[in-house]
Amino acid sequence: MALSITSIVLDIKSSNSNYIRLLVNDFIINPIQYLVKAPSGFFEDFVQEKKSIEELNNRILVLEKENTSLKVNIQRIDILENEVSRLRSIKTKVNKTIKSIKIASVSRKDVIPNKKSIEISVGSDDGIKIGQTVFGTNGLIGQVVEVNMTSSKVLLITDNNSNVPGLIVRTGKHVIVKGSPSGKMLEISFLPNESDIKSGDLISTSGQAGRYLESIKIGRITEIIKNDGERFATVVVEPIEDSDVVNEVILSMDKK
């Protein structure tokens with residue numbers, strides 16, 4: 001203010017007042033005004049810069065969340081790819097004459113009192129019927145004996161009450177394969193002592209009477225005891241499929 005008044009006075013008293021006023025404005029008033037305004041401009045720039053940094057930090061947080069989400073989804077995709085590969089592997093191991101299959105999980109074990117049995121996760125809603133053959137990727141497991149809407153019960157071939165029409169693959173001889181009291185091994189019933197059998201012989205389903213699907217592996221002969229004075233030998237068979245560790249089973253939807 002004082003400088004402005006001085007400038008006015010000089011305009012009145014001096015013929016060179018215009019020149020002096022310009023000098024005063026250029027070298028005194030303008031620099032002072034700049035210095036007065038500078039802190040305000042600096043503060044505004046600082047606030048704007050801080051706001052920009054906050055926006056960048058928020059954007060970084062959003063991107064980090066999106067990145068985490070993408071990683072989780074990629075992990076799920078990997079799991080799904082493995083699941084697809086596993087299901088394809090199961091299908092390629094099934095006999096090629098079977099056109100339609102159903103894969104089910106084992107939900108419970110020993111579901112029938114005093115019998116070796118399992119419960120599976122498919123039922124009448126899935127087209128399952130009593131008598132259907134149940135097998136794994138390696139061999140025979142059992143047969144459906146009870147069907148509910150969303151689940152079914154399976155009697156295992158290792159149960160003492162089970163009997164399966166089979167044949168010795170090497171010779172083509174028909175046999176009956178029964179479960180054993182131990183619930184672990186199988187036995188061939190009524191096999192004459194003079195029969196052509198060897199340890200290691202493969203036994204498969206024969207399909208006789210349509211009770212089980214044909215040509216499913218049952219097990220291999222591990223022990224042959226020819227009893228003196230008796231007509232029939234004691235033949236022990238080890239199941240190909242270990243039902244104690246099976247988590248998934250296969251059912252043919254073509255026929256039993």
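Computed from the coordinates by the stated procedures, all read-outs in this text should not be read as laboratory data. For clarity, every value in this text was computed on a predicted model and none was experimentally measured. As a convention, Cβ positions derive from the backbone with ideal geometry for all residues, glycine included, and neighbour counts pool all protein chains shown.
Pull out the extension gain between Glu66 and Ser105, defined as 0.36 nm times the separation in residues minus the alpha carbon to alpha carbon distance; nm, one decimal.
10.5 nm
Please work out how much length the chain gains when fully extended from Asn57 to Val84, using 0.36 nm per residue of separation minus the C-alpha to C-alpha distance, in nm with one decimal.
5.7 nm
Measure up Lys109/Lys226; Lys109/Lys198; Lys99/Lys198; Lys153/Lys217; Lys109/Lys173 against 30 Å on the Cα-Cα distance and list the ones that go over.
Violating the 30 Å limit, Cα to Cα: Lys109/Lys226; Lys109/Lys198; Lys99/Lys198; Lys109/Lys173.
Could you work out the Kirkwood radius for segment 101-252, taking every pair of different alpha carbons, averaging 1/r and inverting it, reported in Å?
Result for segment 101-252, one decimal place: 15.6 Å.
Among Lys184, Lys217, rank each residue by its count of other Cβ atoms within 10 Å, from fewest to most, as a rough exposure measure.
Placing the least packed residue first, the sequence is Lys184, Lys217.
I need Lys178, Lys99 ordered by Cβ neighbour count within 10 Å, fewest first.
Least to most surrounded, the residues fall as Lys99, Lys178.
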